[in-house]
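What follows is a short report on a single structure.
The values are calculated or read from the model by the stated rules, or taken from the named source; none is laboratory data. Predicted, not measured: the structure shown is a model, and the values here were computed from it. Note that we place each Cβ from the backbone using ideal geometry, even for glycine, and neighbour counts take in every protein chain shown.
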Amino acid sequence: MKSKVYLETTIVSYLVALPTEDLIQSAYQQITREWWKRRDRFDLYVSRTVVAEARRGNPEAAARRLAALRGIPRLASGRRVVDLARDLVERGTLPRNARVDAAHVGIAAANGMEYLLTWNLRHLANASIRGKIEEAVRAAGMVPPIICTPEELMEPEL
């Protein structure tokens, strides 16, 4: 059985971004593309929130992001997602300006995702915050997804 992975918006953004001279951004792009080649090892999911974020910005870039998301199942949102996202912000686990990030956590947790894949190192894949997010998810009666980057979820070639 394949692991279930929720793709947060930064993944598709790095996947289809134009080349950059920024060394860190370029490395994230390359790692994401390498992970994407192996994506069939996982069951991938997104949400309406991811699609809405992918639509924003430069129209050509948005079109590339939306094309990459085509065919990936969308997860449902509901009361549990809203309540958890609100709790993450109200408890101070995530700042008020990270409400969308809280929604991603809520969607992934409420839908039983094993992983939440992201390049958001500020609010999600952050060692000082990850444990607090996991604690809040457990307090809401759910199993927290493992929040990680594509580099952390890179399975070796078979």
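Couple of notes before you dig in:
- Residue within the range 42-61 that is of a type in the set (S, T, N, Q) and within 23 Å of S3 (Cα to Cα) present: yes
- Verdict on R86 being modelled with pLDDT of 95 or more and surrounded by 13 or more Cβ atoms within 10 Å (Cβ to Cβ): yes
- Looking across the range 44-78, just one residue is of a type in the set (D, E) and either in contact with a Pro (Cβ under 7 Å, 6 or more places away or on another chain) or surrounded by 15 or more Cβ atoms within 10 Å (Cβ to Cβ) (or both), and that is E53.
- Set A109, A140, A103: member being over 23 Å from Y14 (Cα atoms), out of contact with any Phe, Trp or Tyr (no Cβ under 7 Å at 6 or more places or on another chain), buried (at least 20 other Cβ atoms within 10 Å of the Cβ) and not basic (K, R): A109
- Of all residues in the range 27-54, exactly one satisfies the criterion of being farther than 14 Å from P150 by Cβ and over 16 Å from the mean Cα position of the chain (by Cα), namely D40.
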